[in-house]
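For reference, the structure discussed in these notes is given below.
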Amino acid sequence: KLAKDLGVLNSFFPINEISTNQKLLKYFPDKKLIELYKISDFFVFPSLIETYANVITEAMASEIPVIISKAPGCIDRIIDSHDGLFLNDYSSNEIAKKIKLLDKNDELRKKIIKNAKVKSNNLNWTNVAKKHMNLYKSLFKYN
């Protein structure tokens, strides 16, 4: 209703939760979600608290610039102005300010997309699993 009242209904659409087929992890994240990332100009995530915020990494891998909150679980996902942008507060003005910044500054936008793609490639499941195994091995070494 708010998007309609503001006259931006054709530019904004909320996404209902998309379930992932847990039996076929090769489709994780859901193909529909990937399509939505690919048609998006920005990924804005003003979350209050997260555990890991995997959606940020997914958006980065989809080569769209991310604009996220400094909430727990989000704050360690990016370096501000390097591979994404942080919101200073949760206001619509702040979100609009960050979108305008990326929309008007093509050099910054390209830099963020490039660096985010590199980071997301390093966070694939194989690399994450290797890091966890190395951690577990280091914890169980006997001297």
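The values are calculated or read from the model by the stated rules, or taken from the named source; none is laboratory data. Everything quoted here is computed from the prediction, not taken from an experiment. When we count neighbours, we look across all protein chains shown, and the Cβ atoms used for this are built from the backbone with ideal geometry, even at glycine. For accessibility, only protein heavy atoms count, side chains too; no ligands or nucleic acids. Shrake-Rupley method; radii C 1.70, N 1.55, O 1.52, S 1.80 Å.
List of remarks:
- Of Phe42, Phe140, the order by accessible heavy-atom surface (1.4 Å probe, DNA, RNA and ligands excluded), from most exposed downward, is Phe140, Phe42.
- Cα centroid separation - the range 109-143 against the range 52-86, whole Å: 15
- The lysines whose alpha-carbon is closer than 19 Å to the alpha-carbon of Lys38, local same-chain residues fewer than 8 away aside, are Lys26, Lys110, Lys111, Lys114, Lys117, Lys119.
- Taking every alpha-carbon pair under 8 Å whose residues sit at least 6 apart, the chain reaches a relative contact order of 17 percent.
- Accessible surface of Val44, taken over heavy atoms with a 1.4 Å probe and every protein chain present, rounds to 50 Å².
- Element breakdown for the chain at a 1.4 angstrom probe: carbon and sulfur atoms account for 57% of the accessible area.
- Solvent exposure of the chain as accessible area per residue, Å², 1.4 Å probe: 72
- Annotation: amide H of Ser81 within the under-5 Å range of Phe86, sequence separation 5 or more or interchain, hydrogens built in the peptide plane.
- Distance (nanometres) between label positions extended 7 Å along Cα→Cβ at Lys100 and Asn124: 4.0
- In order along the range 80-91, the Karplus-derived 3J(HN,Hα) couplings, from 6.51 cos²θ - 1.76 cosθ + 1.60 at θ = phi - 60°, round to 4, 6, 9, 10, x, 10, 8, 7, 7, 7, 9, 6 Hz, and Gly and Pro are given as x.
- Its relative contact order, with pairs defined as Cα atoms under 8 Å and 6+ residues apart, puts the range 63-143 at 30 percent.
- Proximal aspartates and glutamates to Lys130, defined as alpha-carbon separation beneath 20 angstrom and excluding residues fewer than eight positions away on the same chain: Glu58, Asp76
- Packing-based ranking of 109-116, 66-73 yields 66-73, 109-116, ordered from highest to lowest mean Cβ neighbour count within 10 Å.
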